[in-house]
Amino acid sequence: MTSRSKRKRQLVDMFPGMADRIDGTPPKAEAEPEALTLDEAIAKSHAMVDKVLAAHPVVATIGLFSGGNDSVIVNHLFRQRVDAIAHVNTGTGVPETTQHVRDVVAAWGLRLHELHPKNSYADLVLGRVLSTRGKNIGRQVWKGFPGPAGHSVMYRRLKDEPLQRLRAQIVGTQWRTRNVIYLGGMRWAETDRRFRNAEEVDREGSLIWVSPIVHWTDAHMREYRARHRCDLPHEHAPHRLCHPDVLPLNEVTVHLHMSGECLCGAFAKPGELDEIEFFYPHAAKPLRELENEAEAAGLSACKWGQRPPGERTRNRPTGRLCSKCVDPEGQTDLLAEWRESGLITTDQYDTFTRPDAA
């Protein structure tokens, strides 16, 4: 049994006002987590941001909104305290997620920074991006579809670089006296990686990463959703924005159990592209076409979501904004789940999983 499975408790709803806490002490926690009610957890989240604002000259507080279930709570909670929202449109995600973010931010009356990477995912996969610095200048940054070993390259190029560019635009040349806060949705209770590595506050030069709900448990998250999401028996408005203070819902997270804003495939689960294709064929189509291009170019790593030949398993960090990126080894085969639930027949499962199916 893994340490995560030991800590993971059965999903049960708390009674209103019931306290809950993280099991164990995260290595990077400032103090041992205490049992908190949801209202106490909310107060601690605001106090965390207040402390940073009091200690540093901050010129902008930006909420990071991927469209996922955790980031929507962070931004809903702080929507009256942020100066703007940032969403990284990686160019390789489900378009409905980006549209969800646009619609929600507009409904909140906030400014949206929709960021785009300089290098496209397709150019990275096909080896068209060359290094412009250091001893590797002129060499390919990456080639082929990434496995876990390539995730750091994809994260840096598709997500981190656009966010660093936004920070530079806001701070300008006064980086010694001007700071930007990025509010993210990392939580210790998400995964073993998050439990080990997530920090409440992480300063990176003039950029201050704050994870205000890092101490929230899964039960806190469920209670917050129950408190703020519209579940009335009526025809819901798009994104369930049925009244001004409601917590939005991204339908992509219902179907895929992730935000889908980035489909780099580095930590894809078995059958994940089939699942994406089932619900969002228009999002899977360019990935299938890129597979054909990669194969035609003679790349050995020419299949999305498959560990490249010869790649060794390593315990690598996944990046601040990649909460659902975990090593796929040992995870559930989605196609097998579909077969067991009756969504597909045994014959269809055999067809999808035979060696020549791709």
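What follows draws every value from the coordinates through simple rules; no lab data is involved. Quantities reported herein were computed from a predicted structural model and do not represent experimental measurements. Cβ placement follows ideal geometry from the backbone for every residue including glycine, while neighbour counts extend to all protein chains displayed.
Counting other beta carbons within 10 Å of each Cβ, put Trp304, Trp175, Trp142 in order, fewest first. Walk me through the numbers on the way to the answer.
Working: Trp304 24, Trp175 15, Trp142 21.
Fewest to most other Cβ atoms nearby, the residues stand as Trp175, Trp142, Trp304.
Considering only DSSP beta bridges where both residues belong to the stretch 15-121, give the percentage that are antiparallel (nearest 5). Please list the in-between numbers first.
Working: 1 of 8 bridges.
About 10 percent, rounded to the nearest 5.
Among 150-157, 198-205, how do they line up by average Cβ neighbours within 10 Å per residue, starting with the highest?
Numbers: 150-157: 20.4, 198-205: 17.0.
Sorting 150-157, 198-205 by mean packing, highest first, produces 150-157, 198-205.
Once you have a ≥ b ≥ c as the square roots of the Cα gyration tensor eigenvalues for the stretch 167-304, tell me rounded if a/c is under 1.5, and otherwise prolate or oblate according to whether a/b is larger than b/c.
Details: a/c = 1.85, a/b = 1.14, b/c = 1.63.
Taking the square roots of the gyration eigenvalues as a ≥ b ≥ c, the stretch 167-304 is oblate.
Arg222 versus Asp39, label points 7 Å from Cα toward the beta carbon: distance in nm?
Distance between the two pseudo-spin positions: 2.2 nm.
Per 0.36 nm of contour for each residue apart, how much would the distance between Asp231 and Glu30 grow if the chain were fully extended, relative to their Cα-Cα spacing? Mind showing how you got there, number by number?
Details: separation 201, 0.36 × 201 = 72.36 nm, distance 3.69 nm.
Answer, rounded to one decimal: 68.7 nm.
Ranked from highest to lowest mean number of other Cβ atoms within 10 Å per residue, what is the order of the peptides 228-236, 265-273? Write out the running numbers ahead of the final one.
Working: 228-236: 11.3, 265-273: 22.0.
Put in order of decreasing packing, that is 265-273, 228-236.
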